[in-house]
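**Q** Would you mind keeping the following structure in view while I ask a few things?
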Amino acid sequence: MQPISDLLIDRKRLKRQLASWRGLALLAVFGACAVVFGGIGKHGKAGLKTDYIAQINIMDVMVDDAKRDAMMKDILEDTHAKALIVQFDSPGGTTMGGEEVYLQLKAISKKKPVVGVMRTLCASACYMASLGTNHVVAREGTLTGSIGVLLQSMELSRMADKLGITPITIKSGTMKDVPSISEPFTEAQRKIVGEVVTDAYDHFVRLIVERRKMDDETVRAIADGRIYTGNQALKLQLIDGLGGTDEALQWLQKERKINSKLEIREIEPERELQTVWEELAQSAGLKIFGQSAVGLDGLVSIWHPSLIQ
């Protein structure tokens, strides 16, 4: 007779093998579904070919994002997406990030109506992005505005002196590292950096003048960086109305004859296939090698202020 200890070992081995086969079967089913439906996680569409109202979320700090760009392009080209609702909830981000979303929404709005819904916060670059919509609403308590451009840095040369630290910088031109944390910020440097900030600010103002049908003087009077509530923003003509998703649907029905009963389908940037497989594998008790971190080595040419929005 086989010893009890051997029976227990065999039992555990069989259980491990069974769990592995179950995991593999689950992955196989997922792969088959991905083939049939054209790819799970493909911007949330999953191969559906019926008319709908697309909805996306613009959240967190806004930066350059290739996956978001691809998602926007798909919505633009999808004839079944009859309208787009954009849920904004972001403090802003880079001026380039805000401008990119603005241009993408503006392009979509030329082919199908785009309505913006400001949630808790839609400020700075996020407000810039909202200018790409055909119509935008906010709650009375929404915080928006903060129209302007900011570049922050710090200068630590005196602290370095006290600590006996001597920074060494080799640069191709006198302005290459401006602003620098290791050297005093001169008036000449302040003038040059200020011109960059002013140019970006002027561009922001021009967008508001164009999209909100306001004159330059009026916009500059309210675009001093301060924050506004949704109620204040409406009075200043920075938004079109108060409300949320229901009000956005009502506008689409009344002004653009879009059936408000259409399915609202939330679209998300395409996820990495490897990430999806990893999640399924984890739930099945399997282990798959993850992506390795890639460092930034060698010489770089980069401008890196601590924050620009």
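Bear in mind that the values in this text are calculations on the coordinates, not laboratory data. All values derive from a computational prediction rather than experimental measurement. Quick reminder, even Gly has a Cβ in these numbers, built from the backbone with ideal geometry, and neighbours come from all protein chains shown.
**Q** In whole Hz, with x marking every Gly and Pro, tabulate ³J(HN,Hα) for the stretch 239-253 from phi via Karplus 6.51 cos²θ - 1.76 cosθ + 1.60, θ = phi - 60°.
**A** 9, 9, x, 9, x, x, 5, 4, 5, 5, 5, 4, 5, 4, 5
**Q** Now, a different point. So if I take the centroid of the Cα atoms in the stretch 77-128 and the same for the stretch 217-237, what is the distance between those two points in Å?
**A** Taking the Cα centre of each part, the stretch 77-128 and the stretch 217-237 sit 19 Å apart.
**Q** Okay, next question. What order do you get for 93-99, 196-202 when each peptide is scored by the mean count of other beta carbon atoms within 10 Å, highest first?
**A** 93-99, 196-202
**Q** Right, next: Given a cut-off of 26 Å, name the pairs among LYS213/LYS254; LYS235/LYS261; LYS191/LYS213; LYS49/LYS112; LYS73/LYS257 whose C-alpha atoms lie farther apart than that in the structure shown.
**A** LYS235/LYS261; LYS191/LYS213
**Q** Quick one: net charge of VAL205's neighbours, Cβ under 14 Å, K/R +1, D/E -1?
**A** My count for the surroundings of VAL205 gives -3.
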